[in-house]
Amino acid sequence: MSSRSTIPAWLADKLPSKWPRKPAFHLSGGAVARWRKPVLMAGSCLGALGLGIGLFFVTDGIPVSFPAFAAGGELTAEVSQETFSSSVEEESSAPAEVEKEAAVEVEKEAPAEGETVSAVSEPAPLHTPGWSKEEGLTRYWLEDGTFARGYTEIDGEGYYFDENGDMQTGLVSDADGIRYFDAKGQMVVGDVTVNGVQLSFGEDGFILSKAQMEVPVILQNDELPNGCEITSLTEVLQYNGFSVSHTEMAEYLPCEPIVYQNGEYYTAYPEDAYIGDPSTDSGWYCFEGPIVEAANAYLREVESPLRAHKVSGADEEELLSYLQQGNPVIVWVTQQLADVRRTGYTWILPDGEVYHPYGGLHCVALSGMDVEAGTVTLTDPIYGEWEAKLDRFIEIYEGMGSRAVVVR
């Protein structure tokens, strides 16, 4: 027995007093009105010939079913007496049964042929704290099972590990500064010679503002009385292990003569060529360009990977950094660091510029610096190796245009 739009009398008499006597819902035109305290379950099943959809409302353990209906049609409730009776008797257990049915385990389908199945990797076992060497990496494992990175103190010694945990040796630079770690990976304090450069490290391991290297002294006279630039380059080349003389290197130097015409002296710009002949008393000078050109012509000829680089504009800190990296710096100053001056001579350059050459210009190799002591060491092709005041050196170096060249 069923009823549409109203609840049957036999059902109304058995409903608890808290239940409404009139339907709390009416479904029409596809719209759904709610019962009190409804819990909606949606289920779907695939049939062999089509798709059927059933909707269920469960209220206090009583399922009320609704058959599928055509779009725009009227949907009304159908409640059977048998369904009601069994539901009332099992009112307390029905929710548990529904919950149990919702938890039915779905069997996984086997992967199709050729389908890639992602494997779930097991967590990596924790390493025993201490040192390990595997896959070419020397690592130190911590108590939490991870390997050390960056600066780490182990048994009173300082070590440094890269991002992969590999122990580092030699000079190591990070945001804090530069430190040196010996062949065992231990941080060094005090003085140490690294690649021919004497460096100093404080008690905290960081490099001090000091560097000193032994650059061979080559005197330009008598062969090249005005060849300080090419001779200073030769000093640096010999420091890097090349067996070449300053006279041999002079053959690679581009030179331009001074031509007197119509009462004027015409020549090239010193940045493009050496003015005159360095082997004569009438030679003048050149700047960085011709020295870089001569150096690289030679280095290519001997198939060396090293090259000369113009680093003009380098300040005190940068000059020190080059020294600490093992690169003596060719710099343009004046003889004995005398005041910078121009001569009364006049040259006409190719672009028509009137140029007054420097007087007393000199070129040397900067081979050492101690910022705390306020000194520099110059390897001078006229005066040999000598020590000068840092402040005075910087003043004259900047006065000559902060011109510099390194070979690396």
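The values are calculated or read from the model by the stated rules, or taken from the named source; none is laboratory data. Bear in mind the structure is a predicted one, so any value in this text is a computation, not a measurement. We place every Cβ from the backbone using ideal geometry, glycine too, and count neighbours over all the protein chains shown. Heads up: the accessible areas ignore ligands, DNA and RNA and are worked out on the full protein's heavy atoms, side chains in. Shrake-Rupley method; radii C 1.70, N 1.55, O 1.52, S 1.80 Å.
Tabulated values for the structure
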read-out: Distant-in-sequence amide H partners of residue 255 (H built 1.01 Å from N, under 5 Å); value: 274
read-out: Accessible area per residue, Å², the range 271-408 with all protein chains present, probe 1.4 Å; value: 42
read-out: From phi via Karplus (6.51, -1.76, 1.60), per-residue ³J(HN,Hα) for the range 147-161 in Hz, x at Gly/Pro; value: 8, 5, 9, x, 6, 9, 8, 10, 6, x, 10, x, 10, 9, 10
read-out: Residues whose placed amide H lies under 5 Å from that of residue 266, excluding near-sequence neighbours; value: 259, 260, 261, 348
read-out: Cα-projected label distance for residue 265 with residue 315, points at 7 Å along beta-carbon direction, nm; value: 3.7
read-out: HN-Hα J in Hz across the range 401-408 - Karplus 6.51, -1.76, 1.60, θ = phi - 60°, x for Gly and Pro; value: x, 6, 8, 7, 9, 10, 10, 8
read-out: Förster-model FRET efficiency, 25 Å R0, residue 219 and residue 375, C-beta, rounded to 0.05; value: 0.65
read-out: Accessible carbon and sulfur surface of the range 241-314 relative to its total accessible area, %, 1.4 Å; value: 46
read-out: Cα gyration tensor shape of the range 135-260, rounded if a/c is under 1.5, else prolate or oblate by comparing a/b with b/c; value: prolate
read-out: Hz values of 3J(HN,Hα) by residue in the range 337-352 - Karplus curve (6.51, -1.76, 1.60), Gly and Pro given as x; value: 6, 6, 4, 6, 8, 10, 8, x, 6, 10, 10, 9, 7, x, 8, x
read-out: The range 192-305: Cα Rg divided by the 2.2 N^0.38 Å rule of thumb; value: 1.37
read-out: Interchain or long-range residues, amide H under 5 Å from residue 170's placed H; value: 181, 182
read-out: Cβ-Cβ FRET estimate between residue 338 and residue 184, R0 fixed at 56 Å, reported to 0.05; value: 0.70
read-out: Rel. contact order, % - alpha carbon contacts under 8 angstrom, at least six apart, the range 293-408; value: 34
read-out: Computed E for residue 280/residue 131 - FRET, C-beta separation, R0 56 angstrom, nearest 0.05; value: 0.30
